[in-house]
Amino acid sequence: MLSATQCMLAALTGDTVTYGDILDLTGDTMLLSACGFAPTCLAKGAREATPECPAAVIRELDYPGFDGVTSSCVLEQGSVTFARLVEGRGDYRLVYGTGTGVETDLRQGRFPALNVRLDGDPQRLLDTIASQHFALCYGDVSSRLEELCGMLGIASE
């Protein structure tokens, strides 16, 4: 369902989309972080990056339980939409929200991350969440998401 949600956001924005696990929700700010993958074009400072000063570092993940490479980067700050398509019994619903990516550090000094200050009520997210995995795009596409859900017969929360 996460991949389908990413496809929905990519189709609506025409831009690169990523995902993250909601790992923390403190007050009105949630931490989104994936275990090793983030598109380097979404890294903070990617537009100004040079070979001498990259925005993201691709490196071997030398950590117990994980094997392979990781893209270590903090994601760009700014307006975002996060969403997750959820399958029910014969139906679907979309849990989504908007917020602003704010100053963030790499999670555990290596994993990609973005702190998102939520525009809506954090309790609403907690009441509707069905998975920790959420797709993320830049900009507020909530009205277009609602329109798409209406056309597809998907409930939105």
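The values are calculated or read from the model by the stated rules, or taken from the named source; none is laboratory data. Given the structure is predicted, the values throughout are model-derived calculations rather than measurements. A quick note on method: Cβ atoms are made from the backbone with ideal geometry, for glycine too, and the neighbour counts reach across all protein chains shown. Note: accessible area is taken over every heavy atom of the protein model, side chains too, but ligands, DNA and RNA are not part of it. Shrake-Rupley method; radii C 1.70, N 1.55, O 1.52, S 1.80 Å.
Once you sort the root eigenvalues of the Cα gyration tensor of the range 93-137 as a ≥ b ≥ c, which label holds: rounded (a/c under 1.5), prolate (a/b larger than b/c) or oblate (the other case)? Taking the square roots of the gyration eigenvalues as a ≥ b ≥ c, the range 93-137 is prolate. The helix-only estimate of mean residue ellipticity at 222 nm for the chain, built from DSSP H runs of length n ≥ 4 each weighted as -39500 (n - 2.57), is -5500 deg cm²/dmol after division by the residue total. Overall, the accessible surface of the chain at a probe of 1.4 angstrom is composed of carbon and sulfur to the extent of 50 percent. Computing Rg/Rh (Cα atoms, Kirkwood Rh) for the structure here picks out one of [x] 1.01; [y] 0.98; [z] 0.94, namely [y].
Rolled with a 1.4 Å probe across the full set of protein chains, the surface gives L126 an accessible area near 90 Å².
Where both bridge residues fall in the chain, DSSP classifies roughly 95% of the beta bridges as antiparallel.
Probing with 1.4 Å while keeping every protein chain in the model, the per residue accessible area of the chain equals 52 Å². Among residues other than R47 with Cβ under 15 Å from its Cβ, the summed charge is -2 (Lys and Arg +1, Asp and Glu -1).
Given Cβ point charges of +1 (Lys, Arg) and -1 (Asp, Glu) and nothing else, what value in debye, to the nearest 20, does the dipole of the chain about its Cα centre take?
Value, rounded to 20: 160 debye.
Across the options G90, G20, L148, the greatest Cα extent toward the positive end of the charge dipole of the chain (unit charges at beta carbon of Lys, Arg, Asp, Glu) belongs to G90.
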